[in-house]
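Working notes, structure below.
The values are calculated or read from the model by the stated rules, or taken from the named source; none is laboratory data. These numbers come from a predicted model, not from an experiment. For neighbour counting, all protein chains shown are included, and Cβ atoms are generated from backbone atoms with ideal geometry for every residue, glycine included. Ligands, DNA and RNA are excluded from the accessible area calculation, which covers all protein heavy atoms including side chains. Shrake-Rupley method; radii C 1.70, N 1.55, O 1.52, S 1.80 Å.
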Amino acid sequence: MRSRGGLPLFAMSQGFTTQSHSVAVEDYLKHIWKLLSQGRRATTKAIADRTGLGRGTVSGMLKQLAARGLVDYQPYQGVRLTEAGERLALQIIRRHRLIELFLVQTLGLGWEQVHSDAERLEHAVSDQLIEHIDRYLGHPEVDPHGAPIPDATGSIEQQDFLPLSELAAGERGEVRRVSDHEEQFLRHLEERGIALGAQIEVVEVGPFGTMHVKARHHDAHLAREAAERIQISRHKQK
């Protein structure tokens, strides 16, 4: 099920194309959207933690975003995106995820290699090029890590997966998304057969939520924190 994120992404008459805002503005809106989509409050502290900036710097930018009509900001209460802010955030999310997929499928880069390059390119390429990439890739629904790609109207698929950490010993599922872009972590998973579409079985759940799993004939031992980042669709027990 896709939820609406506002007006068409490329409605030039509305003045909300990506070229009309700075990189900093786009990045802030993207971070706020990600926090809210995870069910978290977009507080000054949460945004500062994600960006590595001081709270004073973040607070100042949030006031600027509010003055531009992109967020509703109440000090000490967090921030939410306006319709215009959400629309712009989804543009950037769309750009980033399409670029990642293009780099993987067309240039043959690994899923662990593309995040940082997409972070830079998402601000540089034109809206027209993004639409060409989308058509070339066949209007894909997810990026290389399984995250949903907003479509050209600003709609985004609502996923209903669960973390691997919630499975018990003997249960199985299919890897549908990995909620992490850290290169070493993704390479670690790949080497152990854990990638999108992989069938995974929980062999044993140990102390403190550690897990022994099998995927593609590989054995892997995962800390609970790692298992929480791997989202799956659970297979029904026979």
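Numbers below:
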quantity	calculated
Relative contact order of the chain, defined on C-alpha pairs under 8 angstrom at six or more residues apart (%)	19 percent
With Cα atoms, 0 to 90° folded angle of helix 23-37 axis to the chain main axis	50 degrees
Charge sum, other residues only, whose C-beta stays under 10 Å from residue 34's C-beta, Lys/Arg counted +1 and Asp/Glu -1	+3
Burial ranking of peptide ranges 194-201, 34-41 (average Cβ count within 10 Å, highest at the top)	194-201, 34-41
Dipole magnitude (debye, nearest 20) for the chain, charges at Cβ of Lys, Arg, Asp, Glu	620 debye
Among (1) 87, 38, 32; (2) 52, 38, 35; (3) 54, 44, 32, the entry derived from the coordinates for Cα extents along the principal axes in Å	(3)
Inter-label distance, nm, simple model (7 Å from Cα along the C-beta direction), residue 191/residue 59	4.5 nm
Whole-angstrom gap from the stretch 187-238 to the stretch 102-148, using each part's C-alpha centre	26 Å
Candidate lysines for bridging to residue 236, where Cα separation is under 23 Å - those fewer than 8 sequence places away on the same chain excluded	214
For q = 0.20, 0.23 Å⁻¹, Debye-computed log10 I/I(0) when each Cα of the stretch 122-215 counts as one equal scatterer	-1.05, -1.24
Heavy-atom surface of the stretch 135-182, accessible at 1.4 Å and reported per residue (Å²)	47 Å²
Accessible area of the chain belonging to carbon and sulfur atoms, whole % at 1.4 Å probe	50 percent
Most mobile listed residue (57, 43, 153) in the chain, GNM with C-alpha springs under 10 Å	57
